[in-house]
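Structure provided below as structure tokens; questions to follow.
Nothing in this text is a laboratory measurement; each read-out follows from the coordinates by a stated rule. On a predicted model such as this, the values are computed, not experimentally measured, just so you know. So basically every Cβ, Gly included, is an ideal-geometry build from the backbone, and we count neighbours across all protein chains shown.
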Amino acid sequence: MPVLKFRVYWEEDESVYRDIVVKPSQNFVQFHQAILTAYEFDSKHKATFYRSNDNWQRGREILLEKDGVARKAEPLLMVDTPIGAMVRDPNQKFIYLYDFAKNWTFLVELIGVAKDENAKLSYPAIVRKEGLAPSQYGTKGLIGDKLVEMEEKYDLNREGMSEDGFGEEGEETEGEDDGMEESGSEDENMF
């Protein structure tokens, strides 16, 4: 059975994405749960998919649950809709919205099709993670292990900062010249 590989970008930062592989026979509920797992979000909120075109315009809606809202086209339900049934072209795109109050938006793009499934994987499967996932509820995700991970990735330690011209605020390093002239008024120095 073939396998579809989707890249799920966080709309706010395209360098943050997750690659997820699914079977075409799997439904959108399973895909929705895989995206939440990939981004370490809980499953307490409503969600929807939209089939999209290359310009990221919203098309047919695929709801997590019926909501009684009137639309031009009757939406599909995630549980009843196999992913393969909505893939119409080799670069198929979807828009995924989660938590309508916070409006988390992810851009989903088909990036590959494999002829055979991998017997070692349980589908849907997260096969690649790039970038630090956004924190679902504020800065909580940057505490503890996440902060350590970010420090290692971006080398945010204090060693070597003063030799690169980065010292304590208000501190000048020897021979430093920033090319700015002093002014008598503080307001003139503000950006």
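How much space per residue, in cubic angstrom, does the convex hull of the C-alpha atoms of region 40-100 take up? Provide the component values of the computation, followed by the final result.
Numbers: hull volume 7.0 nm³, N = 61.
Value for region 40-100: 115 Å³ per residue.
Within the P(r) computed for region 1-114, what percentage of the Cα pairs occupies the region above 16 Å? Don't skip to the answer; put the middle values down first.
Values: 3675 of 6441 pairs.
That tail contains 57 percent of the Cα-Cα pairs.
Separation between the Glu130 and Glu11 pseudo-spin-labels, each 7 Å from Cα along Cα→Cβ, expressed in nm?
Between Glu130 and Glu11, the label points sit 2.0 nm apart.
On full extension of the chain, what length is gained from Ala114 through Asn53, given 0.36 nm per residue of separation minus the C-alpha to C-alpha distance?
On the way: separation 61, 0.36 × 61 = 21.96 nm, distance 2.23 nm.
Taking Ala114 through Asn53 to full extension adds about 19.7 nm, to one decimal.
For labels at Lys102 and Glu65 in the simple 7 Å Cα→Cβ model, what's the distance in nm?
1.9
Provide the FRET efficiency to the nearest 0.05 for the Lys72-Lys46 pair, computing r from the beta carbons and using R0 = 25 Å. Show your work: numbers first, answer last.
On the way: r = 20 Å, r/R0 = 0.81.
The formula returns an efficiency of 0.80 here.
What's the percent breakdown of Cα-Cα distances in region 61-142 across 5 Å bins, shortest bin first?
With 5 Å bins starting at 0, P(r) equals 3, 9, 15, 21, 20, 16, 11, 6, 1.
Find how much the distance from Ser122 to Tyr137 grows on full extension, using 0.36 nm per residue of separation minus their present alpha carbon separation; answer in nm with one decimal. Display every interim value, and only then the final one.
Details: separation 15, 0.36 × 15 = 5.40 nm, distance 2.89 nm.
Stretched out fully, the Ser122 to Tyr137 stretch lengthens by 2.5 nm.
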